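Have a look at the structure below, then the notes.
No value in this document is a laboratory result; all are computed from the given coordinates. The structure presented is a predicted model; accordingly, all values stated were derived computationally and were not measured. Backbone-built Cβ (ideal geometry, glycine too); neighbour counts: all protein chains shown.
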Amino acid sequence: MNKTIQTTCPYCGVGCGISAKVDDAHHRLKISGDTSHPANFGRLCSKGSALGETIELKGRLLQPKVYGRETSWTEALDLVADSFISVIDKYGADAVAIYGSGQLLTEDYYVANKLMKGFIGSGNMDTNSRLCMSSSVAGHKRAFGSDTVPGCYEDFEQAEMIVLIGSNAAWCHPVSFQRIRAAKEANPALKIVVIDPRRTVSCDIADLHLPLASGTDAVLFNGLLHFLSEQNALDSAYIEAHTEGFVEALNTANVDIEQVAKACRLNKDDLHRFYQWFAGHEKVMSLYSQGINQSSSGTDKVNAIINCHLATGSIGKPGMGPFSLTGQPNAMGGREVGGLSHQLAAHMDFSSADDIERVARFWNTSNIAQKPGYPAVELFDAIYDGKVKAVWIMGTNPVVSLPNADKVKQALQGCEFVVVSDCIADTDTTALAHVLLPAQGWSEKDGTVTNSERRISRQRALFKPAGGAKPDWWIITQVARRMGFEQAFHYQSPVEIFREHAALSGFENNGLRDFDISAFANMSRHDYDRLQPTQWPVNQAYPQGRARLFDDGKFFTESGKAKFIAVTPRLPVNPPDQDYPLILNTGRLRDQWHTMTRTAIAAKLNQHKAEPFVEVHPVDAQSYGLVGNSLATIESHWGSMIARVQITDSQLPGNVFVPMHWTEQYASRGRMGALVNSIVDPISNQPESKHTPVRIKAYQPAWQGFILSRGELSMVAPDYWVKVKGEQVYRYELAGLSLPENWQEWAQKNLSDNDGATPQWQEYQDPAQGNYRAARIVNNQLESVVFIAAAGSALPATAWMQEVEQRRERLPERNWLTGLFAKTELEKAERMALLTGKPPVGVADVGTIVCACFNVGEKTIQAAIREKGLKTHQEVGRCLKAGTNCGSCVPEIKALL
Amino acid sequence: MKQRLVVIGNGMAGMRTVEELLTAAPDKYDITVFGAEPYGNYNRIMLSSVLCGEKTIEDIVINNRQWYIDNGITLYAGEDKAVARIDRINKKIYALDGTFAGYDRLLIATGSKAVIPPISGNDLEGVISFRDIVDVNKMLAYSRSYNKAVVLGGGLLGLEAANGLVSRGMDVTVIHNHEVLLNRQMDRPAAKMLQTELEQRGLKFKMAAKLKQLSGDEQGHITTVSFEDGSQLECDLFITAIGVRPNMALAQEAGIYCERGIVVNDTLQSYDPSIYAVGECIQHRGATFGLVAPLFEQAKVCANHLSAHGAAEYITLPTATKLKVTGINLFSIGDFQGDVNCEYIHFTDPAVGIYKKLVIKANKLIGAVLYGDTADGSWYQELLEKEDNISDIRDMLIFGKAYAVA
């Protein structure tokens, strides 16, 4: 029986509603956008649309594993609880930690946080939201006294100007971007400005792009504040009534346009135009994302932006305000429950003794943590240093995503006890776990998430859990019970947790805290199951939720006024130098999500950008001897990666960009995290992932090539490989520094899988040119092909590298070959064309050879007789040469006549 | 007044020359042809097809007696019309039976004869070569009454003979002095595929064999083939196919300069300006011939000169090899072995019986071996003859013309 279920997309912070047609019998989904969901009104991006392709069970973690061995839940949970208890007994509560993720549902998050902070009694619960949102959280907190996103998506349509700052929304928040595009199309007067060192695809709809020098955002917004003041564009009444600290902030922001243009390396006229536009429009939205947050001065940048909105009073009202685009599906939910290590719960934190006491009372615990725990980067340093001895990682992949990721890897390798909950079996992080706990995947989970505009939506289970997979909240609760916290964790279902969470948000709130969903505190299971997307707060005052906050000019600071923050711009901590002269920027791609554990399962999402790449400005490419589409090694003081060079003037000279997604599961050397400096913002502790000094040089392999294989292969370690999952085929892009002794043996070793069938091999070899190609065919069905372009024996060694590169370019497009894997049987012409890599061209079926001397076939002769009206064998001979040499076929030709 | 052209040899080379001449200068000569076989002109290379029953003798006749009459050619054919002597001083030739003819131009096209191994027993009954209709008829007769055949020589002719005899129901073993069949035309992998294919068809092989002697029964009929390694094979019919030698005794006796064959220049003229020679009896720039293609080219050049158009020059071009065994496609041309300065391109798909090798030297194609798929053989031959630089099409070269010049 097919049923349709409304749920929420598990990718970015836009939080799109999904309408999923569920085919239980075949474990299939038909995904479409939920037209009633206010986040997307039926629109979905490529990733969301492909969700149905990511639910396969292959690759799922389906049974608990202890030290590599599958085991029962009982044994695994006992071991986790016992190990945590024993570490706590021996080294204290701060020797254990939980590292969660914006992929967790609010209910999961809530119990994890409650366990660590409320009952284990340590602040060591942090989350990967630290890597994407914590500067916004800190900036909000400083300015508003609360972590509040004031506006909502509806403001996009009402704005007169939208500024995208450090955001490639076109790829990272595609549905919001499309909404802005539609708004622009409906209202061409809507001004769009993109502020980003890169000319991203988001510039497509921009009236103005300001490619500012990396890390200079605060200068630009200080300059704006100064300009607004100079131009008398301030809302003095608002400043007076609802803010404090303006004068100090303005004085600190004392930079004129000339200075800003110089510091940001921008065209003065462009800058002026932006400032004027900002000053000249009432309804301005500043949408910012990781380009602002992921910085050693991210919090200051956030406040520099908010300052301008406070100064013009453009906040809290329709069509205006600062708006943080959150990265993850439930980054907001995580913040609500207190998932960051300095937070406690329900927008309360360790900075207030009252909060601590209040939460302890609510949780009925005597063991509540008294101080913040380690934030993400510091947490893994503490693991590395042996201060944290047991860590439980939930639904995230820090070995890939954290800065200085090789050190993170070492930290986990050296850690006494590593627990990982995940829905995927093989990730770079699960590889280092002592205990693996199979969590439910998106299509099985049940709970709530909160998107960028504070909208709480239900994520609903579409299928029964696969194998032994369990909800995260259940897993955490089970461990908590085994640790002796039975009373506090006896939940039977997510709604019970949600109610408690809602109750806590309203507990002794009295309008003190922005986050208040107390209206849900007594929600029935029935209502929970039918919960419609709602923007918090949801309380007595706003029982249906609230679109905007601060419209009343009231903030959550002690004084009730918003605070200007005097921002003294700081450049990124590590400037480029002689050894590492380039600035590495990192970011997302359109069709991949985070560390690809799920999106890379969907073949169609791997086509857009199949390989880790590095974008380089043409001038830099020339300086560093890089050729387009060749490989390059990028090195920082912390680590290195290999990526394919893409030369583009959308990069600023001196800047290179790499995507953040690749892991060791899909590429041998594609982990960008290994390069990134582990510098953090002193306030938010968010890493400076957008700015690391690096150097780049051509990677010069002795050979390059690719394999297409129906089955997944275990590579016999070429120096460089990338795995790309396609529809029926895995594609491997390869390169090696040394030539194998024998390509034939190499191919047989690498292309074999254990399907038992006897393969037929087709081969093409031109060793002097360094060409080796082979196809492996079973029952006339294509199983795999390999194409190698190597240094040829005919070349002097010095010419190898360049030659290898040129030869790789001569390798065929993968498309036609890929298509052959869809066929159950190869046609003869296809088989003969295989190793050209191109479709059969001009090869008519000539039929049985009649004239052996000139290789003229029966069908060719028949066609000529028919088409040219040939009457005698002599005429056939004149036309086709057939029969004119030895003449032995003349009788057959005559027979054909 | 017409000049007199006398042709010695009623075979393919001689008659093709006459045909070309009849086209080029139909009224220039009175033509007289002497042939030692009692037939008109037939396609000798089709004898294997006759042997295996795919063709009849009638099928392979190129020109019957009527053709000679129609074209005003005097034909003396039969054993006793074999030419016995050339009188160059008086420009006359004499047949065994005394028939004679005077000439203004003489064309010698006496062909070749099989090499007989110099071993004991080579004169036994049942030891024959495979050169003409008489041989074929003998083989057919044997195949009806006897069972065991041994073919000496794993070259083109030997394999065709063996294949024919197998198809006539005989138990045939090919003995070859090399490990590789067709070792003058094929490399080892292609030859191995060929051998496997032929074995599947019932042929047996004794490779790298050293023949010791042939022995027979009291009637002088062959019974046994013995080898140096002590092994023996029963044998009722022994076919020698280890090559040919130019038939040049007649020319030599007439004092025409010969080495391994009748030495001719680029216009197919012997050292006697009024005497031309074509076909397997000649030696041109050191080479002798055994395949049909160059013979036809010689015929064309020779006719050009005989008709006094006098512009053509014969150039020995690499000759492509083909094996006339139905269902087996193989092709080889040029220097298919190569040397240390050569580069090789291979394409193999053994499961469907395809093997290709191209030999490249200084960016030119100098040799090719094709097995299974020979469709591009003539294109390779063209590239090789034209000595084209193949650099630009190299990556597609082995996949054939359709891909390379697409």
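Can you run phi through the Karplus equation (6.51, -1.76, 1.60; θ = phi - 60°) for segment A:285-296 and list ³J(HN,Hα) in whole Hz, with x for Gly and Pro?
Karplus values, whole Hz, x for Gly and Pro: 10, 10, 9, 10, 8, 5, x, 8, 5, 7, 8, 6.
Label segment A:134-324 by shape, choosing from rounded, prolate and oblate, from the square roots a ≥ b ≥ c of the eigenvalues of the Cα gyration tensor; if a/c is under 1.5 it is rounded, and otherwise prolate applies when a/b is larger than b/c, oblate when it is not.
rounded
Would you mind listing how long segment A:651-695 runs along its three principal axes, going by Cα atoms, in whole Å with the largest first?
For segment A:651-695, the Cα spread along each principal axis is 35, 27, 15 Å.
Using θ = phi - 60° and the Karplus curve 6.51 cos²θ - 1.76 cosθ + 1.60, what whole-Hz ³J(HN,Hα) does each residue of segment A:766-771 get, with Gly and Pro shown as x?
9, x, 5, 8, x, 9
Stokes-Einstein at 25 °C, 0.890 mPa s, Kirkwood radius from Cα pairs: D for segment A:517-573 in µm² s⁻¹?
Answer from the Stokes-Einstein relation: 168 µm²/s.
Note the per residue figure in Å³ for the convex hull of the C-alpha positions in segment B:127-240. Spell out each step's value before the answer.
Values: hull volume 10.6 nm³, N = 114.
Hull volume over Cα atoms, normalised by residue count, gives 93 Å³.
Would you be so kind as to identify which of A:650, A:432, A:703 lies farthest towards the positive end of the dipole of chain A, taking Lys and Arg as +1 and Asp and Glu as -1 on Cβ and the Cα centre as origin?
A:703
Rounded to two decimal places and with Rh computed the Kirkwood way over Cα pairs, what is Rg over Rh for segment A:148-211? Show your work: numbers first, answer last.
Values: Rg = 11.0 Å, Rh = 11.7 Å.
Expressed as Rg/Rh, it is 0.94.
Going by how many other Cβ atoms sit within 10 Å of their own, how do A:472, A:300, B:376 line up, fewest first?
On the way: A:472 27, A:300 30, B:376 24.
Fewest-to-most ranking of A:472, A:300, B:376: B:376, A:472, A:300.
Regarding segment A:386-479, what is the average projected area of its C-alpha convex hull, in nm²?
7.4 nm²
Contact order normalised by length for segment B:127-240, with contacts defined as Cα pairs under 8 Å and 6 or more residues apart; what percent is it?
In percent, rounded to a whole number, it is 31.
Please get the size of the charge dipole for segment B:16-78, origin at its Cα centre, with Cβ charges of +1 on Lys and Arg and -1 on Asp and Glu, quoted in debye to the nearest 20.
120 debye
Could you state the per residue volume, in Å³, of the convex hull enclosing the Cα atoms of segment B:270-406?
144 Å³
Can you give the relative contact order of chain A as a percent, counting alpha carbon pairs under 8 Å and 6+ residues apart?
On the way: 2134 pairs, mean separation 123.0, N = 897.
Value for chain A: 14 percent.
Roughly how many debye, to the nearest 20, is the charge dipole of chain A about its Cα centre, given +1 on each Lys and Arg Cβ, -1 on each Asp and Glu Cβ, and no other charges?
2000 debye
Return the Rg/Rh value of the protein assembly as shown, two decimal places, where both radii are evaluated on C-alpha atoms and Rh is the Kirkwood radius. List each step's numbers first, then the result.
Values: Rg = 44.1 Å, Rh = 37.2 Å.
Rg divided by Rh gives 1.19.
Using 10 Å bins from zero, what percent of all Cα-Cα pairs in segment B:50-204 falls into each bin?
For segment B:50-204, the pair-distance distribution reads 9, 28, 28, 20, 13, 2.
Enter the Cα centre distance for the pair segment B:130-163 and segment A:232-284, rounded to the nearest angstrom.
104 Å
Over the residues of chain B, compute the C-alpha Rg and express it relative to 2.2 N^0.38 Å. Present the calculation step by step, with values, prior to reporting the outcome.
Values: Rg = 22.5 Å, N = 406, 2.2 N^0.38 = 21.6 Å.
Against the compact-globule rule of thumb, the ratio is 1.04.
Using the Karplus curve 6.51 cos²θ - 1.76 cosθ + 1.60 with θ = phi - 60°, what ³J(HN,Hα) values do you get for each residue of segment A:638-644, in whole Hz, with x for Gly and Pro?
Once rounded to whole Hz, the list reads 9, x, 8, 8, 10, 8, 8.
For segment A:291-414, max minus min Cα coordinate along each principal axis, in Å, sorted largest first?
52, 40, 24
Compare the Cα positions of A:76, A:171, A:815 along the charge dipole of chain A (+1 at Cβ of Lys, Arg; -1 at Cβ of Asp, Glu; about the Cα centre) and return the one farthest towards the positive end.
A:815
Which whole-number percent is the relative contact order of segment B:110-178 (Cα, under 8 Å, 6+ apart)?
Once divided by the residue count of segment B:110-178, the mean separation gives 27 percent.
Arrange the peptides A:585-598, B:93-106, A:91-104, B:353-366 so that the one whose residues have, on average, the most other Cβ atoms within 10 Å appears first.
A:91-104, A:585-598, B:353-366, B:93-106
Given H placed 1.01 Å from N in the peptide plane, which residues other than close sequence neighbours of residue A:585 have an amide H under 5 Å from its amide H?
The answer is A:656, A:657, A:658.
Over 18 Å between Cα atoms: which of A:65/A:407; A:30/A:823; B:113/B:210; B:322/B:356; A:65/A:90 fall into that group?
Those over the limit are A:65/A:407; A:30/A:823; B:113/B:210; A:65/A:90.
Can you give me the Cα centroid spacing of segment B:391-406 and segment A:137-201 in angstrom?
That distance is 54 Å.
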